[in-house]
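The values are calculated or read from the model by the stated rules, or taken from the named source; none is laboratory data. The model shown is predicted, which means the values in this text are computed figures rather than measured ones. Methodologically, a virtual Cβ is constructed for each residue, glycine included, from the backbone with ideal geometry; neighbour enumeration extends over all protein chains shown. To get the accessible areas, we keep the full protein, side chains included, count just its heavy atoms, and leave off ligands, DNA and RNA. Shrake-Rupley method; radii C 1.70, N 1.55, O 1.52, S 1.80 Å.
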Amino acid sequence: MAGAAARRCRARCGRWAGGWVPCAALALGWALGWALEAVPPHRCLPDPSLLPPPLRRLPAPAMLRAAVPRLRGSWSPCQLYRYRDIGASTGRPNGTGPCTRGWHYALPAAGLRHNIVTQWDLVCASRWKVPLEQTTHLLGWTLGSVAAGLACDRFGRRPAFVVSVVLAVPLGLAVALSINFLMVLVARLLFGAVLAGAFLSLYVARLELCDPPHRLGVTVVAGFFWIAGELLLPGLAVLCRDWRVLQGAVTMILALLAACWWCPALLLESPRWLLATKQLERARKTLQALAENNGSSSDDSSCHQESLLMAELETLSEGSPQPRYHAVCEIFSTRVIWKNGVILGFAAFIGSGIRHCFTRNLAPHLPRFFASYFVLVGTEAAACLFICVTAERFGRRAVLLLCTVLTGISSLLLLALTQYLLDLIVLTLSVVGITASYAVTMLSIFFAGEVLPTVIRGAGLGLIVGTSFVGKAAAPITAIPNSRGFFLHHVVFASFAILAVLSIMLLPESQGRSLPQSLQDGESQHRPPLFHRPPREDHLPLLAPQGIPHDYSRLTTSTKRLLGSPATPQNT
């Protein structure tokens, strides 16, 4: 018995690891932008043709002082001195003008010798191309999330994941081999789209393979694997030293992941989705594989129950019922599902968009890339840990409300009092705001996965994840030098945060409840009191081996109900 329990434990951990490990590889692809787009300190190269003849013979340090202005103790990044009479024997500068011979770059801040900024001189007059590239990449993640969600509900979670990972390899190589900025722009857009598709399909499948008590824990562990991938990026950048080599290294890691597409342990198809769409033959095979992996075949009682279940599923599928798929537009004909999706999408949008308001306050205190990068990743880890500790104890809705309140209060205080507060208080409020806003985004997406029904969970979650990337895309626009949009950006998102606090109260509570299967299940969710603790329901069949006998009969009953046949209790 102890050996069987150990085998079941190893099988369950191995299955969940198949949904965890790919997160680290996808996180590397996501975090690449930090290194590829980092703008290093730079200054104009002196142009001797703009200097009077006596100054052209000066040694390099003196020529630099004669040619490049100094602003606030540092060299001007975009200006050169202009002299009134170039042919005079001496003279004083009477103005400045743009660089004429290029720029001298310090090593890019991300530990690379070269990146796309230094490759194509995306500074000064061309500095707008960096936020353009960032926005385009986020647009790719948005479009990929929506497209992958539709594919998940039509073709399945596993095919969407496998296709996305396989396509990531040639597109990643296309980025590494780009010969101009336009090619980088297009390749990065498509690369972001396929990474988003892999992330979304993996997220949905992992959620549906868990029973209620383990859903949050498994998702949080996947979040820590994502953070581990982000932490690997700086070390990988230091080793690679060139942006093309770094992009190629990340692509090779994705290629290793794609090479394991044939392995069922990497990602199993969701039996929930198969049953909800009436693909009973595929559901029977998937459930049988799960039962074998769980080690249930070693128990005579479990074997008997398994045979009963498989026999009933085989009987129900004799008529070869046609699969029934649902379109995402069916959400518009619902009331509760539509309301929940809009509220959670709005919260995810705010959590992602307002984060830039806090990170901008960190820039003066953390000028070095590694310091700011590790602080941001550390706040993500703190947010994951906070959700893991609180959301299972107090419920999803109460914790989401608390994080939204913290985000709004931090934002309003910084908006109104930044110039009157001590630097330490500004730094503290910024860190709290970053942590709370990340928790809002993460919990909104997870909450949406629990309240959306299985038949449209992929498409609905794709729309919500897409809105979160739309929120992120607001930050690069306000990051343009001399932009006047940051204050308006901060005011708008702080106002949205207050509105989100009111709307979150209208959500149901999903803690301890089974995932809704059909649209009718999604419409039957009601709004309980704020701190109401709902009773826990039964575990997902075959994923909790200790409860297999009861869960088999429960699965048979629910399967019959999905097919419209009368459900009869099983005397086991």
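For an R0 of 51 angstrom, estimate the FRET efficiency from the Cβ-Cβ distance between Arg84 and Phe181 and round to the nearest 0.05. After rounding to 0.05, the efficiency reads 0.90.
Rounded to the nearest percent, how much of the accessible area of the stretch 115-250 (1.4 Å probe, protein heavy atoms only) is carbon and sulfur? It is 78 percent, rounded to a whole number.
The portion of the accessible surface of the stretch 375-421 made up by carbon and sulfur, rounded to a whole percent, is 76 (1.4 Å probe; DNA, RNA and ligands excluded). So between Asp521 and Val492, what do we pick up on full extension, going 0.36 nm a residue minus the alpha carbon distance? Stretched fully, the Asp521-Val492 segment lengthens by 6.9 nm.
In plain terms, if you count all Cα to Cα distances in the stretch 182-289 and split them into 5 Å steps from zero, the share in each step is 2, 9, 13, 19, 18, 14, 10, 7, 5, 2, 0 percent. Spin-label model, Arg92 to Ala125: label points 7 Å out along the Cα-to-beta-carbon direction sit 2.9 nm apart. Applying 1/(1 + (r/R0)^6) with R0 = 25 Å to the Cβ-Cβ distance of His114 and Arg65 gives a FRET efficiency near 0.35. Measuring r between the beta carbons of Leu385 and Ala327 and using R0 = 51 Å, the FRET efficiency lands at 0.85.
The ratio of the alpha-carbon radius of gyration of the stretch 25-135 to the globular-protein estimate 2.2 N^0.38 Å is 1.30. For the stretch 336-401, the gyration tensor built on C-alpha atoms gives an oblate shape. Its axis ratio a/c (a ≥ b ≥ c) is at least 1.5, and a/b is not larger than b/c.
Would you mind calculating the gained length between Leu422 and Thr100 on full extension (0.36 nm times residue separation, minus the Cα-Cα distance), in nm to one decimal? Working shown, then result.
Numbers: separation 322, 0.36 × 322 = 115.92 nm, distance 4.23 nm.
Gain on stretching Leu422 to Thr100: 111.7 nm.
Relative to one another, the C-alpha centroids of the stretch 444-462 and the stretch 150-177 are positioned 20 Å apart.
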